[in-house]
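Chemist: Handing you a structure now.
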């Protein structure tokens, strides 16, 4: 076997599903590159107590992550075993003091929470303790030697916030994330269309309830379409992800959209693939992102994309999307109408999306990480 790589993953109760998938994909892929790979995560001990509220569990989770885990024999043994340590989420930068004697790197998927703590995003106010936590993360990040980012947008933000000098920018690499499920155009779309015939035609959105996902913007754009574009009034809206917030439910009720907006929670990959294949258009008007995974998922399934022109989304979507200001519901609605009503535009976006997805394969991602590990080890 080659070098021993330790991947430092996330605390499972934090339910960071995308990070868990990223870690698993990396572990599986690297095992085929002549690396011996292990994953270690903070153990669930105090956070396993039953009958407690969310706030109590959060603080017990901190005890697991930041007190018990760094002192555990499992953690110390894993560090001793490793030739190189890869921290796969910027939030875990706080473990730096334990790993600084070994070759190491950290992946920064985004720095939105750090920027929010510094007032970059007034709409996302952090608590006093949240600001302290993000300052801890920021100070820890400044100690790392090597970084990877999911996008050039995140790389530029990271270099700026860490004050990395020009001659050190080579220590920050961009490695685009690959698809962690083989989303594709279904050979037999008619079966999926039959399954969702009672919902068609529909606009699809996929995302959580984080402030930057702009799900209220999705609802406002859809409401605008129904009011101002009579030719599209048959469209429904399917929102996949976390349960709708009370504000979203109130908006839907107050605007008579109860029968037209469908919320789907915890959708498995196979069903999501079917939804992408059946949707008229995928709408993703995020205010900012670290990357924007659902954009390439939709493109892989032949679904035309309308997204915002904010953050890394133009970089990720390439020529396979129409873009608009995320706060411009009329502009987003106009893009949707163009996709649905102009077959040439639709076909163009589908083809460009198909080509764009080839830039985001898991194989490319794994190969890039493997080459970076080799480079770091050769300099150690």
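The values are calculated or read from the model by the stated rules, or taken from the named source; none is laboratory data. In this text, all values refer to a predicted model and were calculated from it rather than measured experimentally. As a convention, Cβ positions derive from the backbone with ideal geometry for all residues, glycine included, and neighbour counts pool all protein chains shown.
Chemist: Among the strands (runs of 3 or more DSSP E) lying completely within region 224-316, list those that include at least 2 residues that are in the same structural domain as residue 351 (by TED's automatic domain parsing), crowded, with 19+ Cβ neighbours inside 10 Å and touching a helix residue (DSSP H, G or I) at 6+ places or on another chain (Cβ under 8 Å).
Modeler: It comes to 236-241, 281-284, 305-308.
Chemist: Tally time: how many residues in region 95-129 are farther than 17 Å from residue 141 by Cβ and assigned to a helix (DSSP H, G or I)?
Modeler: Total satisfying the criteria: 2.
Chemist: Do the conditions hold for residue 132, that is, is it touching a residue at least 40 places away in the same chain (Cβ under 8 Å) and either crowded, with 18+ Cβ neighbours inside 10 Å or in a helix (DSSP H, G or I) (or both)?
Modeler: Here the answer is no, as residue 132 does not meet what is asked.
Chemist: Can you tell me which condition residue 149 does not meet? The list is (1) surrounded by 21 or more Cβ atoms within 10 Å (Cβ to Cβ); (2) modelled with pLDDT under 95; (3) farther than 20 Å from residue 3 by Cα, and all the others hold.
Modeler: With (1) surrounded by 21 or more Cβ atoms within 10 Å (Cβ to Cβ); (2) modelled with pLDDT under 95; (3) farther than 20 Å from residue 3 by Cα applied to residue 149, the lone miss is (2).
Chemist: Same structure again: Can you confirm whether residue 80 is assigned to a helix (DSSP H, G or I), out of contact with any helix residue (DSSP H, G or I) (no Cβ under 9 Å at 6 or more places or on another chain) and modelled with pLDDT of 95 or more?
Modeler: Spelling it out, residue 80 is indeed assigned to a helix (DSSP H, G or I), out of contact with any helix residue (DSSP H, G or I) (no Cβ under 9 Å at 6 or more places or on another chain) and modelled with pLDDT of 95 or more.
Chemist: Is at least one residue of region 165-173 at pLDDT below 95, assigned to a helix (DSSP H, G or I) and assigned by TED's automatic domain parsing to the domain that holds residue 280?
Modeler: No, region 165-173 contains no residue that is at pLDDT below 95, assigned to a helix (DSSP H, G or I) and assigned by TED's automatic domain parsing to the domain that holds residue 280.
Chemist: Scan region 328-375 for residues that are touching a residue at least 40 places away in the same chain (Cβ under 8 Å), in contact with a strand residue (DSSP E or B) (Cβ under 7 Å, 6 or more places away or on another chain) and buried (at least 18 other Cβ atoms within 10 Å of the Cβ) and jot them down.
Modeler: Residues satisfying the conditions are 332, 336, 339, 340, 349, 353, 373.
Chemist: Is there any pair linking a residue in region 26-54 that is outside the structural domain of residue 150 (by TED's automatic domain parsing) to one that is not in a loop (DSSP other than H, G, I, E, B), with Cβ under 8 Å and at least six apart or on different chains, and which?
Modeler: If the second residue must be not in a loop (DSSP other than H, G, I, E, B), no pairs are left.
Chemist: Now for a different question. Which numbered condition trips up residue 343, out of (1) assigned by TED's automatic domain parsing to the domain that holds residue 291; (2) more than 24 Å from residue 286 (Cβ to Cβ); (3) in contact with a helix residue (DSSP H, G or I) (Cβ under 8 Å, 6 or more places away or on another chain)?
Modeler: (3)
Chemist: When only residues in region 330-380 that are assigned to a loop (DSSP other than H, G, I, E, B) and either more than 19 Å from residue 6 (Cα to Cα) or within 27 Å of the chain's Cα centre (by Cα) (or both) count, which is modelled with the highest pLDDT?
Modeler: The selected residue is 342.
Chemist: Condition first: without any contact (Cβ under 8 Å) to a residue 12 or more places away in the chain and crowded, with 18+ Cβ neighbours inside 10 Å. Can you find one or more residues in region 13-21 that meet it?
Modeler: Yes: one or more hits.
Chemist: Within region 45-60, work out how many residues are under 27 Å from residue 207 (Cβ atoms) and either outside any helix (DSSP H, G or I) or at pLDDT 90 or above (or both).
Modeler: Selection size over region 45-60: 1.
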